[in-house]
Amino acid sequence: MAVGKHGRRRHRGLKAALVVVGVLGLVGGGTAYAAYRYDAAASVRILPGVRIAGLDVSGMTRAQAVRELTALAARTLEAPLTVEAGGHTWTVTPAAIGMRADVEGAVDRAFAVAEDLPFVSRVYHRLADRPVRAEIDLAFPIDEAGVRAFVEQARAEVAVPPVSARIALVGDELVLRHARTGRTLKLQAAIERIRQALEERASSVELPLRTLEPEVTASELGKTIVVDLSENVLRLYDGLKVVKEYPVATAAPGYVTPVGTWKVIDKRENPTWYNPALDSWGADLPPVIAPGPDNPLGTRALYLNSPGIRIHGTSNAASIGTYASHGCIRMYISDSEELYPLVPIGTRVIIKP
């Protein structure tokens, strides 16, 4: 004869009642020792109805539960995580960057479900195989040191240092370099992004970047005078742009217009000329020549920190474009007067071969 749904329920209820009566009878009837021995023997297994992270661990020993839960946790810990930043891509696993699974702790809590129940209730659930319906989370703690180590490595790979604008003599060549911004990872924000991705079990995460500004931009370079001895040309740069260009005369054979990087340390209008070579090439010239049409410095002079070297006008216009001076840089009078107000004291002067 078929047994209906209500009949099956009554049957299970009767069985449970008989188990309870049996347990109480054991305890109350002088066989409590046997009941306690049963409970002690059964305590090596998890109560029925206990689940950890959705995994049914009913009746498992500790070793069995650890093994099964470790395999379950591996799905999370070994899942690939794609990290992107600044055109770089890394594929890592949560385990590799500091995440772990607290398997032992979860199993401890599963066994503690039995310990939290009264003795009679505990024995009842075991004998009747009645589930306790306990759901336990599996914690995945994140080691920040591991995450930080990965982010610092990524930052080193992504980093692009900023480049300052530059105009300089390198060897015999004039180097013009434009400023460029750099970049780096936002360290703490990147750590938090990865932590969030791990917590949310994300498959990818993009790390934030920070722009690094150059210390010197082209506009901050200011004025630079470049004298090219190979062409006998003086160029005035504003930043990295040539704004003026003039023909000049430089040192005659046997004399030197010094190659290198110098600066303007003084400026004079209608300067007085003091003979620097009374015992050599200036022996037939007066010790001092006052301002005027015969003054060798013309009407304007820029004094460099290279001893005895000046950029100045000259009444000897025919010498411009040739190698004719005793080391100074000669200009047409009109050109020297035009250049003079454009060049502040402190302006760099590059003389290239």
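Residues that are closer than 30 Å to K352 by Cα and among the basic types (K, R) within the range 176-202 comprise R177, R180, listed in sequence order. Among the residues of the range 244-264, those identified as under 21 Å from N316 (Cα atoms) and touching a residue at least 12 places away in the same chain (Cβ under 8 Å) are E245, Y246, P247, V248, A249, T250, A251, A252, P253, Y255, V256, T257. Taking the criterion of being in contact with a Ser or Thr (Cβ under 9 Å, 6 or more places away or on another chain) and under 19 Å from V256 (Cβ atoms), the only residue of the range 281-296 that qualifies is P296.
Only one entry of G313, G346, G327, G308 meets the criterion of being surrounded by 15 or more Cβ atoms within 10 Å (Cβ to Cβ) and at positive phi, and that entry is G327.
Of the strands (runs of 3 or more DSSP E) contained entirely in the range 191-282, those carrying at least 1 residues that are closer than 30 Å to D143 by Cα and not hydroxyl-bearing (S, T, Y) fall at 204-206, 209-212.
Of the residues R235, R180, the single one that is within 17 Å of I311 (Cβ to Cβ), free of Cβ contacts under 8 Å to residues at least 40 places away in the same chain and basic (K, R) is R235.
Taken over the range 283-337, the criterion of being more than 23 Å from L236 (Cβ to Cβ) and not in a loop (DSSP other than H, G, I, E, B) is satisfied by V288, I289, A318. Does the range 196-211 contain any residue that is basic (K, R), farther than 21 Å from V160 by Cα and not assigned by TED's automatic domain parsing to the domain that holds G239? Yes, the range 196-211 contains at least one residue that is basic (K, R), farther than 21 Å from V160 by Cα and not assigned by TED's automatic domain parsing to the domain that holds G239. Scanning the range 265-280 for residues that are among the charged types (D, E, K, R) and touching a residue at least 40 places away in the same chain (Cβ under 8 Å) yields D266, K267, E269. Condition (residue is within 21 Å of Y246 (Cα to Cα) and either touching a Cys at 6+ places or on another chain (Cβ under 7 Å) or loosely packed, with under 15 Cβ neighbours inside 10 Å (or both)) applied to the range 272-290: is it met by at least one residue? Taking every residue of the range 272-290 in turn, none turns out to be within 21 Å of Y246 (Cα to Cα) and either touching a Cys at 6+ places or on another chain (Cβ under 7 Å) or loosely packed, with under 15 Cβ neighbours inside 10 Å (or both).
All of S219, S230 fail the test of being at pLDDT 95 or above, more than 26 Å from the chain's Cα centre (by Cα), hydroxyl-bearing (S, T, Y) and exposed (fewer than 13 other Cβ atoms within 10 Å of the Cβ), apart from S230. Of all residues in the range 132-151, those that are surrounded by fewer than 17 Cβ atoms within 10 Å (Cβ to Cβ) have Cβ atoms under 6 Å from Cβ atoms of residues that are small (G, A, S) and modelled with pLDDT of 95 or more, 6 or more apart or on another chain, in R133/G49.
There is no residue in the range 162-183 that is among the acidic types (D, E), closer than 30 Å to I351 by Cβ, assigned to a strand (DSSP E or B) and assigned by TED's automatic domain parsing to the domain that holds S306.
Against the conditions (1) under 15 Å from V227 (Cα atoms); (2) under 49 Å from the mean Cα position of the chain (by Cα), S325 satisfies every one except (2). Checking G308, G313 one by one, the residue that is farther than 22 Å from L342 by Cβ, small (G, A, S) and either without any contact (Cβ under 8 Å) to a residue 40 or more places away in the chain or not assigned by TED's automatic domain parsing to the domain that holds V227 (or both) is G308 and no other.
Before we move on, is R201 among the charged types (D, E, K, R) and within 30 Å of R75 (Cα to Cα)? Criteria met by R201.
The values are calculated or read from the model by the stated rules, or taken from the named source; none is laboratory data. Everything numeric in this text was worked out from a predicted model, so none of it was measured. Reconstructed Cβ throughout: ideal geometry from the backbone, glycine too, with neighbour counts over all protein chains shown.
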